Amino acid sequence: MASVSVVIQFFEDFDFIERVVERLAWVDEIVVNDGPFQFTRELLEPLVGRDLEQPSQRAAGLFALLGRRLGVPIHYHHGVFSGEREKRIHGYGLATGDVVLSVDADELLLLDREAVDGFWASAAVVASFDCVNFTYLNLVCGKAGSPLVARKPFAFKREAITAEHHLDYLWLVGVEQAAVASDDFLPEALCGGAHLTTVRSAYGASIKFGFYNCLYFHLHGERGLEGSFQAARQFFAQGNFDGAAQAEVYGRAMADAIGFPNEQLFRRAEAPEVPEAIRHVAEEACAPFNHLLPHRSLNGRLVPGVPLYALMAAGSALRVSLAIAGEARLRVLPLLVDGPPLDLGQPALEQRWTAEALMPHDLQLGDRDADGGGERIGDLVELLVWSGEDATAAWAGASLAPPFSLQVVG
């Protein structure tokens with residue numbers, strides 16, 4: 001029987017981690033490889049609220065508690081890494097098992113030791129799981145032409161696959177990868193699993209939003225600071241906004257947009273293509289995040305020049321109230337299931353107006369049939385406000401992120 005190590009790459013991703021660990025409590029050891037990339041610290045330290053050179057007391061305490069409760073050795077490690085490549089190699093190198101499972105903090109695997117033993121007895125050196133990418137409302141998402149269920153490599157025989165070589169098999173962004181041999185793989189999937197990458201709490205969404213903006217900046221230079229990321233950073237830099245205030249703004253602005261990424265198709269997870277067991281674990285885990293979605297009313301805070309995205313229920317009108325005077329724009333795009341890919345740049349129902357503080361403004365939606373086919377389950381709303389430099393500087397200097405409210409009428 002093979003010894004089994006799990007390596008979990010982790011950074012402030014608490015939304016599903018207890019469930020991830022619980023499903024793998026039968027292994028011989030779990031290695032948690034925690035820590036940021038060096039180039040993310042400038043943005044993420046204010047959001048997290050601590051010096052990221054230091055280990056997370058919250059994470060260390062949680063994993064110590066889980067290890068005692070579940071009876072599995074959990075080894076917590078913290079570092080600051082130059083990037084994805086260094087972090088992944090470091091985590092893999094900490095594993096001691098015959099088989100190393102590379103698992104993300106938002107992947108729920110339906111895996112058992114018997115399946116791993118079958119892989120160990122085979123001639124293959126790499127195995128995959130049948131991965132389903134879930135988003136809000138128990139929908140699955142993916143690029144046009146992508147299957148509902150995709151094979152994701154995650155299991156490696158440590159003596160055959162080195163820490164550096166295992167990177168070539170992973171789903172990574174911005175990491176140089178070499179071609180791999182097809183005969184390395186176990187022909188059948190080792191298990192099924194739900195990948196919950198686009199489902200997040202407001203705090204989780206703020207970290208994800210910040211991380212990917214930092215990654216884009218790191219990969220593409222100054223172009224990565226264009227748009228909402230740059231505007232938000234400049235606004236916060238003018239005031240004294242604590243991490244909680246920044247996280248609220250980033251999280252509220254991006255949570256729904258992260259769940260419904262641009263240029264993605266949205267489909268229902270239906271048998272037989274998506275096994276019932278995978279759908280069940282995803283629905284159970286995502287239930288708190290699906291509560292009250294789509295919104296009929298929503299309140300939050302804005303940063304001038306930074307768009308807010310929200311999934312609103314279908315209705316005949318939207319009522320917007322702002323706590324500031326300035327220019328405003330509201331765009332409304334139908335969210336379709338089994339329709340064309342979402343395109344935030346496409347023509348949309350749009351209205352611009354000069355907003356007066358605390359004066360409600362209504363946008364009439366009327367009867368809107370789904371354009372291009374597909375079931376309309378609501379509208380993805382983009383709300384943007386801006387004002388002159390003096391007014392914006394005054395809000396920032398007062399450490400005020402102005403409130404807003406959105407309400408579906410009819």
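The values are calculated or read from the model by the stated rules, or taken from the named source; none is laboratory data. Not measured: the values here are computed from a predicted model. For neighbour counting, all protein chains shown are included, and Cβ atoms are generated from backbone atoms with ideal geometry for every residue, glycine included. Surface accessibility is based on the protein's heavy atoms, side chains included, excluding ligands, DNA and RNA. Shrake-Rupley method; radii C 1.70, N 1.55, O 1.52, S 1.80 Å.
Among [x] 70, 47, 40; [y] 67, 49, 48; [z] 68, 55, 40, find the value of Cα extents along the principal axes in Å that was calculated from the structure presented, and write down its label.
Calculated Cα extents along the principal axes in Å: the matching label is [x].
Using amide H atoms built 1.01 Å from N in the peptide plane, name the residues 5+ places from Val80, or on other chains, whose amide H lies under 5 Å from its own.
none
What are the ³J(HN,Hα) values, in whole Hz, obtained from phi via the Karplus relation 6.51 cos²θ - 1.76 cosθ + 1.60 with θ = phi - 60°, for each residue of segment 84-98 in sequence order, with x given for Gly and Pro?
4, 4, 4, 5, 5, 5, 4, x, 4, x, 7, 6, 10, x, 5
Please work out how much accessible surface Glu53 shows to a 1.4 Å probe, ignoring ligands, DNA and RNA, in Å² rounded to 10.
Rounded to the nearest 10, the figure is 90 Å².
Step through the residues of segment 394-401 one at a time and calculate ³J(HN,Hα) from phi using the Karplus curve (6.51 cos²θ - 1.76 cosθ + 1.60, θ = phi - 60°), rounding each to whole Hz and writing x for Gly and Pro.
Once θ is set to phi - 60°, the couplings for segment 394-401 become 5, 5, 5, x, 8, 6, 10, 9 Hz.
I want to check the label-to-label distance for Val180 and Gln230. Put each point 7 Å from Cα in the C-beta direction and report it in nm to one decimal.
In this crude spin-label approximation the distance works out to 3.8 nm.
Return the sequence-ordered ³J(HN,Hα) values of segment 316-323 in whole Hz as given by the Karplus equation 6.51 cos²θ - 1.76 cosθ + 1.60 applied to θ = phi - 60°, using x for Gly and Pro.
Per-residue couplings from phi come out as 8, 7, 10, 10, 10, 10, 10, 8 Hz.
Rank these residues by their accessible area, most exposed first, probe 1.4 Å: Glu375, Glu84.
Final ranking, largest accessible area leading: Glu375, Glu84.
Connecting C-alpha atoms closer than 10 Å in a GNM of the chain, tell me which of Ala181, Ala325, Ala247 has the biggest fluctuation.
Sorting by GNM fluctuation, first place goes to Ala181.
How large is the charge dipole for segment 1-129, taken about the Cα centre, if only the Cβ atoms of Lys, Arg (+1) and Asp, Glu (-1) carry charge, to the nearest 20 debye?
200 debye
Quick one: accessible surface of Arg158, probe radius 1.4 Å, all protein chains present, in square angstrom to the nearest 10.
Surface open to solvent at Arg158 totals about 90 Å².
Within the chain, what whole-number % of the accessible surface is contributed by carbon and sulfur, with the 1.4 Å probe and all protein chains included in the calculation?
About 50 percent, which is the carbon plus sulfur part of the accessible surface.
For the chain, what does the relative contact order come out to in percent, with C-alpha contacts under 8 Å and a separation of six or more?
16 percent
Given points 7 Å out from each Cα along the Cα-Cβ axis, report the Gln54 to Tyr212 separation in nanometres with one decimal.
Simple spin-label model gives 3.1 nm for this pair.
Report the rotationally averaged projected area of segment 1-104 based on its alpha-carbon convex hull, in square nanometres. Working shown, then result.
Numbers: hull surface 25.2 nm².
Result: a mean projected hull area of 6.3 nm².
Could you sort Met312, Met1 by accessible area so the largest value comes first, with the probe set to 1.4 Å?
Met1, Met312
So which GluC sites (Glu not before Pro) in segment 146-178 pass both tests, a DSSP loop state and at most 10 other Cβ atoms within 10 Å of the Cβ?
Here the GluC sites (Glu not before Pro) that fit, given the DSSP loop and packing criteria, are Glu159, Glu176.
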